[in-house]
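**Q** Before I ask anything, let me first share the structure, which is written out below as structure tokens.
Values in this text are rule-based calculations from the coordinates and carry no lab data. Here the structure is a predicted model, which means the values were calculated and not measured. When we count neighbours, we look across all protein chains shown, and the Cβ atoms used for this are built from the backbone with ideal geometry, even at glycine.
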Amino acid sequence: MPPQREWFEKDYYGVLGVSPDAPPKDVTKAYRRLARQYHPDANAGNKEAEEKFKEVSAAYDVLGDASKRKEYDEVRRMAASGFRGSGGPGFGGPGFGGGGVRFENLGDFDDLLGGFFGGAGGRGAGGFGRGRAAPPRGADFETPLRLSFEDALTGTTTTVAFEADRPCSVCGGSGAEPGTVPVSCPQCGGSGMVAVDQGPFSFSQPCPNCRGAGRIVEKPCRRCRGQGMERARQEVKVRIPPGVVDGERIRVRGRGGYAPGGGPRGDLWVRVQVQPHRIFERRGRYDLGLTVPVRYTEAVLGADVTVPTPEGPVTVRIPAGTPPGRTLRVKGKGGHTPTGGRGDLMATIDVVVPKKVSKEERELLKRLGSLNGDDPRKHLGG
Ligand SMILES: [Zn+2]
Ligand SMILES: [Zn+2]
């Protein structure tokens, strides 16, 4: 590796004390100020100032040049996304490419940097040399789950099934026909990376011959045709907590996609579809609602009425003078809470007006109407 490699390991923005999006004139201003401050003429014999002056000059050499700065930014950006907290790309260490699983879509190798880091997705868990990148995580999956209204209230444990890739059951994920083993790639010597000169800098990029795997499968597994993965039905047990609402997603950690290179599996998201109920509706997570029709006489005089709950009927007292639309709260008769408590049942009163009345009722109502002195519309004026 040429010495330029250290180039993008240094924080030149930090050295000049400017932000990465600082305009060129601010970069130049910062450089001039620091250069004056640490200039050897002003700091005779001061070793520390001399070092500082060199650092500042090196930083400005890159950030002061538009094309060098662009390249520096790009490399730093890629390094930040692929090698958090590391000293920069450092491939080729022992175990590189040793994941034993081959994957498609390692990245677009026409794009030097994109391919470089995209390819990192296929690396073995143990081997980034001194790069120390965490192995990539598998993809998250989402699968729907239909739940009855009652199961959503109480919570349940069930099984979801879906089709997804998993390591091949014949080759165990190596991609090689059983009885054979992948061989070291002759082009990269098994490291998975080859050096490429790009402008003034030399980069490593995934080996095009083995696509960064470091190994070549000479006799591909017949089952997975060398891919190392096969499509299969998977069943996952999932615990649904009480109070889930329609459309909610429940996460099952580590039951999503398998990771390239032996990294952690992704998560499975179970999207809950709660079926509606004939008479009950959900009001928030733990409360239930229903409409309770009452007679005019019950609303006026008050009554004890029988109201259904998920666990059977209860008696609810309708106070005298209850107007339609009033909601009565029946404590502890709603859904279950995760801590063993209960929500409430919200009973909304509806006053039923009969379309037909008997002759006797008509007589009584007429008499009642003649007795009703209070005008309900007096506030409307007229
Ligand atoms: Zn296989
Ligand atoms: Zn190779």
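**Q** Along the positive direction of the dipole of the stretch 242-363 (beta-carbon charges: Lys, Arg +1; Asp, Glu -1; about the Cα centre), which of GLY257, PRO354, VAL314 reaches farthest?
**A** Comparing the listed Cα positions along the dipole, GLY257 ranks first.
**Q** Sorting ASP151, ASP374 on the 10 Å Cβ count, fewest up front, what's the list?
**A** ASP374, ASP151
**Q** At R0 = 51 Å, how high is the FRET efficiency between ASN46 and VAL170 if r is their beta carbon distance? Nearest 0.05 is fine.
**A** Values: r = 69 Å, r/R0 = 1.36.
Working from the Cβ atoms, E equals 0.15.
**Q** How high is the FRET efficiency from ARG225 to ALA195, r the C-beta distance, R0 41 Å, rounded to 0.05?
**A** Efficiency, from the Cβ-Cβ distance: 0.85.
**Q** Which pairs break 29 Å Cα to Cα here: LYS333/LYS378; LYS331/LYS356; LYS29/LYS68?
**A** Beyond 29 Å: LYS333/LYS378; LYS331/LYS356.
**Q** Here's a follow-up. Going by the alpha-carbon gyration tensor, a ≥ b ≥ c the square roots of its eigenvalues, is the stretch 170-256 rounded (a/c under 1.5) or, if a/c is not under 1.5, prolate (a/b greater than b/c) versus oblate?
**A** Oblate, because a/c is 1.5 or more while a/b does not exceed b/c.
**Q** Which of the trypsin sites (Lys or Arg not before Pro) across the stretch 273-304 are loop residues per DSSP, with 16 or fewer other Cβ within 10 Å?
**A** ARG278
**Q** Using Cβ contacts closer than 10 Å as the measure, can you line up THR143, THR157, THR180 from fewest to most?
**A** With the sparsest Cβ surroundings first, the list reads THR157, THR180, THR143.
**Q** Extending each Cα 7 Å along its Cβ direction at GLU218 and VAL245, get the distance between those two points in nm, one decimal.
**A** So the two model labels end up 6.2 nm from each other.
**Q** How much length, in nm to one decimal, is gained on full extension between LYS29 and LYS68, taken as 0.36 nm per residue of separation minus their Cα-Cα distance?
**A** Details: separation 39, 0.36 × 39 = 14.04 nm, distance 1.81 nm.
The LYS29-LYS68 span can extend by a further 12.2 nm.
**Q** If you don't mind, there's one more thing I want to ask. For the stretch 241-250, take each phi angle, set θ = phi - 60°, evaluate the Karplus expression 6.51 cos²θ - 1.76 cosθ + 1.60, and give the result in whole Hz per residue in order, putting x for glycine and proline.
**A** Once θ is set to phi - 60°, the couplings for the stretch 241-250 become x, x, x, 5, 10, 4, x, 5, 10, 9 Hz.
**Q** Sticking with this structure for a sec: Using the Cα centre as the reference, give the magnitude of the dipole from point charges on the C-beta atoms of the stretch 3-82 (Lys, Arg: +1; Asp, Glu: -1; all else neutral), rounded to the nearest 20 debye.
**A** Once rounded to the nearest 20, the dipole reads 220 debye.
**Q** Just for the stretch 281-371, what percent of DSSP beta bridges are antiparallel, to the closest 5?
**A** Antiparallel: roughly 60 percent of the beta bridges in the stretch 281-371.
**Q** Now, a different point. Any chance you could list the semi-axes, whole Å, largest first, of the equivalent ellipsoid that the Cα gyration tensor gives for the stretch 281-371, using √(5λ)?
**A** They are 34, 11, 10 Å, listed largest first.
**Q** Estimate the FRET efficiency between ARG137 and ARG329 by the formula 1/(1 + (r/R0)^6), using the beta-carbon distance for r and 41 Å for R0, to the nearest 0.05.
**A** With a Förster radius of 41 Å, E is 0.35.
**Q** In which sequence would ILE279, ILE349 go, from the one with the fewest C-beta neighbours within 10 Å to the one with the most?
**A** ILE279, ILE349
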